[in-house]
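The values are calculated or read from the model by the stated rules, or taken from the named source; none is laboratory data. Given the structure is predicted, the values throughout are model-derived calculations rather than measurements. Quick reminder, even Gly has a Cβ in these numbers, built from the backbone with ideal geometry, and neighbours come from all protein chains shown. Each accessible area value is taken on the protein alone, full model and side chains, heavy atoms only, with ligands, DNA and RNA left out. Shrake-Rupley method; radii C 1.70, N 1.55, O 1.52, S 1.80 Å.
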Amino acid sequence: AAMVQKYQSPVRVYKHPFELIMAAYERRFPTCPLIPMFVASDTVNEYRSEDGAIHVIERRCKLDIDAPRLLKKIAGVDYVYFVQKNSLNRRERTLHIEAYNETFSNRVIINEHCSYTVHPDNEDWTCFEQSASLDIKSFFGFESTVEKIAMKQYTSNIKKGKEIIEYYLKQLEEEGITFVPRWTPPVACKSESSTSHPRRPVSPAINIPESATKEGLSNKEILNTSSSPTEPTAGTPDDKLDADYIKRYLGDLTPMQESCLIRLRQWLQETHKGKIPKDEHILRFLRARDFNIDKAREILCQSLTWRKQHQVDYILDTWNPPQVLQDYYAGGWHHHDKDGRPLYVLRLGQMDTKGLVRALGEEALLRYVLSINEEGLRRCEENTKVFGRPISSWTCLVDLEGLNMRHLWRPGVKALLRIIEVVEANYPETLGRLLILRAPRVFPVLWTLVSPFIDDNTRKKFLIYAGNDYQGPGGLLDYIDKEIIPDFLGGECMCEVPEGGLVPKSLYRTAEELENEDIKLWTETIYQSASVFKGAPHEVLIQIVDASSVITWDFDVCKGDIVFNIFHSKRAPQPPKKDSLGAHSITSPGGNNVQLIDKVWQLGRDYSMVESPLICKEGESVQGSHVTRWPGFYILQWKFHSMPACATTNLPRVDDVLASLQVSSHKCKVMYYTEVIGSEDFRGSMTSLESSHSGFSQLSAATTSSSQSHSSSMISR
């Protein structure tokens with residue numbers, strides 16, 4: 001299948017008058033030492049108008065293409081011939097160049113159009129533009145090789161074009177030629193020409209010694225461009241990108257990258273009558289797809305639709321984040337990094353993600369993150385102006401001090417993943433660098449859950465430091481100036497970012513309220529509910545094949561107090577008989593209740609306890625994990641917690657008596673979720689979980705861990 005390759009250049013501006021540029025251009029012929037492959041050129045046709053204003057010249061150019069000898073042999077040629085037709089109009093001050101290949105014209109079609117024109121805002125400057133297309137119909141089975149060679153030769157010639165003009169301008173200057181007069185109509189036919197061509201007055205020619213003008217040569221032909229003669233320019237050159245602007249605001253792009261940007265932008269101008277994204281944003285989508293124009297166009301269009309649907313353009317002006325976010329979202333902008341990129345600081349470890357999701361719902365949280373990204377785009381633009389060079393991305397510093405199992409609360413992680421997905425899709429290539437500081441032992445678990453959702457390009461920009469490593473060599477000081485290192489990281493700079501902290505439960509919305517907003521955080525797909533009765537615990541079986549897996553759990557005690565246990569057994573417990581009448585298996589509207597541990601089993605002989613029991617009070621939320629040491633069967637158990645009698649008198653306390661009078665107190669309710677993560681998902685960071693309890697003990701009010709196993713549970717009240 002033939003592929004048509006297209007190229008469109010930006011506008012290149014020469015700060016010299018058209019006539020001088022023509023004199024320089026003319027010196028390229030018949031051969032040019034700067035273009036070794038340009039072996040020869042012969043004039044095949046020439047036309048001059050009587051008044052000397054129009055000069056058309058057609059040349060046959062002989063090129064020695066740098067191609068593998070084998071290919072030349074197969075093709076049976078040593079040289080490739082092109083026809084170049086230059087049309088110079090001295091009155092209009094334009095030169096149009098058309099070129100096409102004569103060799104292999106039935107197999108390969110190459111068309112090039114260039115133009116030199118007067119700059120619309122300064123008549124002493126000259127603009128150059130060029131466009132080309134390459135269509136390889138067939139080439140002895142070497143189509144893709146020929147395409148690569150052609151593209152390589154072409155892009156290297158584009159770069160040379162400017163050098164050549166500058167080289168000859170310098171040569172002219174050395175010969176004392178710095179001015180070439182404009183064309184004026186011959187005196188004889190002055191009256192006719194002025195009536196037949198009413199033009200804006202030409203500034204009078206300054207008297208210059210004849211010898212210096214080199215009339216004949218100076219204006220014969222050149223390349224200069226603004227629009228092809230056939231189609232009128234679509235709008236002023238304000239719509240066009242010029243090469244200097246690209247370098248200053250967008251960065252160093254290769255000719256083909258510039259071409260992709262210009263073509264995608266042109267397409268947007270034609271098809272999206274509404275708001276067209278800024279050039280730097282179009283460029284981000286191209287970069288995200290390695291400058292594949294079709295793929296970039298697809299993701300950009302999806303993003304434009306999404307922006308419209310969610311009114312993202314107006315988010316900064318019209319949306320006020322709820323107070324809870326302003327108080328408890330521990331993130332904010334903080335100066336800039338050493339490269340001039342805006343710096344965003346996020347104290348994730350101090351942030352109660354679970355509380356925020358419960359208090360706000362996912363939608364408000366997403367909106368807030370979007371407003372941060374919109375602000376980031378604005379700051380990049382601002383910094384580009386301030387620092388005098390293109391800055392298109394920001395740096396994010398994430399402090400994980402304080403991160404714990406609460407951050408692994410599944411709906412919270414799911415919300416995070418959805419937010420990451422939206423940001424990846426709509427703000428590609430905006431993250432210049434991500435510095436992750438003080439990563440605790442639980443971090444690998446979070447990383448395992450999150451990293452598959454992050455684009456490979458983005459992931460390369462992550463730098464992760466454990467403990468105080470960030471203070472050492474290769475640490476923070478390599479990326480951020482000493483003066484602005486925030487106080488909480490041991491720096492001298494007061495950082496305005498909120499401290500975070502636990503969101504008070506009184507601010508939580510009920511499951512019903514959240515449900516009404518279509519945020520089903522309590523959907524049965526994630527959480528299962530279970531009832532626990534006195535004498536009838538609820539048990540869940542997990543079979544482990546790979547010895548070092550990680551069992552994770554996450555549960556809320558909705559009603560009553562319970563004791564949570566985890567046991568290991570080498571043999572499978574008998575599945576509960578559904579039809580039995582005993583308290584073996586009770587299914588109630590309030591959720592299921594299953595016993596697996598056989599009444600005749602003895603602890604220590606048939607099964608063993610691998611974690612010390614954890615007492616959980618009503619309203620608590622518990623997350624934890626256990627690294628399994630042996631294959632076999634693990635049983636998670638939620639058991640009714642009966643109050644011990646008062647230790648001193650052995651008499652029941654008044655509270656206990658009252659409690660036992662309420663029949664309902666014999667039933668507890670739990671919402672739980674469990675998952676097993678295979679060790680291979682930890683990418684070799686299993687050891688960092690080994691002693692995780694030590695890391696947690698200082699972080700949480702109530703943490704239990706048993707010394708013989710590697711586990712931790714964390715309770716958030």
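Whole number in Å², please: accessible area per residue of segment 243-310, 1.4 Å probe, ligands, DNA and RNA not counted.
It amounts to 53 Å² per residue over segment 243-310.
How do 65-77, 439-451 rank on mean C-beta neighbours within 10 Å, highest first?
Ranking the peptides 65-77, 439-451 by packing returns 439-451, 65-77.
So for each of 627-635, 310-318 I average, over its residues, the number of other beta carbons within 10 Å; can you give me the resulting order with the highest mean first?
Sorting 627-635, 310-318 by mean packing, highest first, produces 627-635, 310-318.
Points 7 angstrom from Cα along the Cβ direction at residue 153 and residue 418: gap in nanometres?
Distance between label points: 5.6 nm.
Residues of segment 365-392 with amide nitrogen under 20 Å from the 7 Å Cα-to-Cβ point of residue 335?
376, 379-389, 391-392
Round to the nearest 0.05 the FRET efficiency obtained for residue 123 and residue 466 when R0 = 56 Å and r is the Cβ-Cβ distance.
Computed FRET efficiency for residue 123 and residue 466: 0.30.
Once you order the gyration tensor axes a ≥ b ≥ c over the Cα atoms, which shape class does segment 314-505 get: rounded for a/c under 1.5, otherwise prolate or oblate by comparing a/b with b/c?
Rounded, because the longest to shortest axis ratio a/c is under 1.5.
In Å, what is the Rg of the alpha-carbon atoms in segment 343-408, and how long is Dmax?
In order Rg, Dmax, the Cα atoms of segment 343-408 give 15.0, 45 Å.
What translational diffusion coefficient, to the nearest whole µm²/s, does segment 98-172 have by Stokes-Einstein, given a Kirkwood radius computed over alpha-carbon pairs, a temperature of 25 °C and 0.890 mPa s viscosity?
168 µm²/s
In the neighborhood of residue 534, defined by Cβ-to-Cβ distances under 10 Å, what is the net charge if each Lys or Arg adds +1 and each Asp or Glu adds -1?
Net charge around residue 534: +2.
Less than 15 Å Cβ to Cβ from residue 559, Lys/Arg counted +1 and Asp/Glu -1: what total charge do the surrounding residues give?
Here the charged neighbours net out to +1.
If you count only protein heavy atoms with a 1.4 Å probe, what accessible area per residue comes out for segment 369-416, rounded to a whole Å²?
Per-residue value: 32 Å².
May I ask you to give the percent of accessible area on segment 243-310 that is carbon plus sulfur, with a probe radius of 1.4 Å?
49 percent
Output the Kirkwood hydrodynamic radius of segment 345-457, Cα pairs only, in Å rounded to one decimal.
Averaging 1/r across every pair of different Cα atoms and inverting gives 15.1 Å.
Would you mind telling me the share, in percent, of accessible area of segment 5-175 contributed by carbon and sulfur at probe 1.4 angstrom?
50 percent
Carbon and sulfur together cover what percent of the accessible area of segment 456-501 at a 1.4 Å probe radius?
That share works out to 51 percent.
Packing-wise, with mean Cβ within 10 Å as the measure, how do 392-405, 281-294 rank, highest first?
392-405, 281-294
Based only on Cα atoms, what mean projected area does the convex hull of segment 5-175 have, in nm²?
Over all viewing directions, segment 5-175 projects a mean Cα-hull area of 10.6 nm².
Kindly provide the Kirkwood hydrodynamic radius of segment 243-310 in Å, to one decimal, from all pairs of distinct alpha carbon atoms.
12.2 Å
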